[in-house]
């Protein structure tokens with residue numbers, strides 16, 4: 001398919017416009033907006049060389065980026081070849097990216113869904129008894145909402161049986177950009193789970209403050225982007241847990 005865009009006067013401008021159509025697979029924003037394109041040059045024969053900075057060394061989506069960039073740039077009229085050289089962001093560049101993703105407003109992470117003006121709807125799926133299908137409800141609801149075109153995230157906070165990643169088929173590992181976590185995606189749903197940080201999907205024995213802190217990190221440190229809906233798959237909840245939830249993780253949009 002030929003590359004279509006607003007008229008441009010040079011191949012260099014067309015290449016930059018093409019690169020702006022390529023999204024980072026994890027962050028879901030244009031690589032040009034994220035400061036990942038270090039340079040893009042065109043020689044006299046029409047061969048293009050792109051220097052791309054990965055957020056972390058050993059990025060698992062490197063091949064996906066190569067494929068998407070090659071396809072976008074190759075479609076520019078006049079381009080005869082595409083070469084991509086990969087580098088890695090410096091700590092300063094990653095810090096700048098993290099600040100940009102957080103809106104540049106606050107150095108410390110905050111729970112975006114608890115801020116004034118948030119349009120994200122937060123729904124907690126909970127029960128006082130285990131084995132009643134909380135995770136099944138969460139996963140099916142998330143997939144159905146995503147299929148309708150909504151931006152959906154899921155927090156799997158069930159410390160006794162964190163099954164959401166397996167049920168969604170989200171077998172990837174979270175990527176870190178400084179102290180910000182990029183959640184894996186499956187079926188159009190972003191998901192983070194305690195099971196992604198334990199060996200062999202083992203249950204954890206966290207109690208009280210440790211569990212609360214983990215959930216606060218999942219809400220504040222994970223880059224969710226602009227979600228329409230966030231679903232929380234909670235563990236079976238005794239009265240003490242239910243009473244502590246509001247102070248632990250305030251999420252007024254519901």
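The values are calculated or read from the model by the stated rules, or taken from the named source; none is laboratory data. Only a predicted model underlies this, so the values are computations on that prediction, with no experimental measurement involved. All Cβ positions, even for glycine, are placed from backbone atoms using ideal geometry, and neighbour counts span all protein chains on display.
For the stretch 86-100, the condition of being touching a strand residue (DSSP E or B) at 6+ places or on another chain (Cβ under 7 Å), under 19 Å from residue 176 (Cβ atoms) and in a loop (DSSP other than H, G, I, E, B) holds for at least one residue.
Going by the conditions given, is residue 200 loosely packed, with under 15 Cβ neighbours inside 10 Å, at pLDDT below 85 and out of contact with any helix residue (DSSP H, G or I) (no Cβ under 7 Å at 6 or more places or on another chain)? For residue 200, the condition - loosely packed, with under 15 Cβ neighbours inside 10 Å, at pLDDT below 85 and out of contact with any helix residue (DSSP H, G or I) (no Cβ under 7 Å at 6 or more places or on another chain) - is met. In the set 205, 177, only one residue is out of contact with any strand residue (DSSP E or B) (no Cβ under 9 Å at 6 or more places or on another chain), farther than 26 Å from residue 29 by Cα and either at pLDDT 80 or above or not assigned by TED's automatic domain parsing to the domain that holds residue 54 (or both); that residue is 205.
Only one of the numbered conditions (1) touching a helix residue (DSSP H, G or I) at 6+ places or on another chain (Cβ under 7 Å); (2) outside the structural domain of residue 155 (by TED's automatic domain parsing) is violated by residue 43, and that is (1). Looking only at residues of the stretch 47-59 that are assigned to a loop (DSSP other than H, G, I, E, B) and either touching a residue at least 60 places away in the same chain (Cβ under 8 Å) or touching a strand residue (DSSP E or B) at 6+ places or on another chain (Cβ under 8 Å) (or both), we find that the one that is surrounded by the most Cβ atoms within 10 Å (Cβ to Cβ) is 55. For the stretch 24-33, the criterion of being loosely packed, with under 15 Cβ neighbours inside 10 Å, in contact with a strand residue (DSSP E or B) (Cβ under 6 Å, 6 or more places away or on another chain) and not assigned by TED's automatic domain parsing to the domain that holds residue 222 is met by none of the residues.
Can you find even one residue in the stretch 60-78 that is assigned by TED's automatic domain parsing to the domain that holds residue 187 and part of a helix (DSSP H, G or I)?
Taking the stretch 60-78 and keeping what is assigned by TED's automatic domain parsing to the domain that holds residue 187, we get none.
No, every residue in the stretch 60-78 fails to be assigned by TED's automatic domain parsing to the domain that holds residue 187 and part of a helix (DSSP H, G or I).
Applying the condition of being in contact with a strand residue (DSSP E or B) (Cβ under 8 Å, 6 or more places away or on another chain) and over 16 Å from residue 28 (Cα atoms) to the stretch 60-75 and asking which residue is surrounded by the most Cβ atoms within 10 Å (Cβ to Cβ) yields 73.
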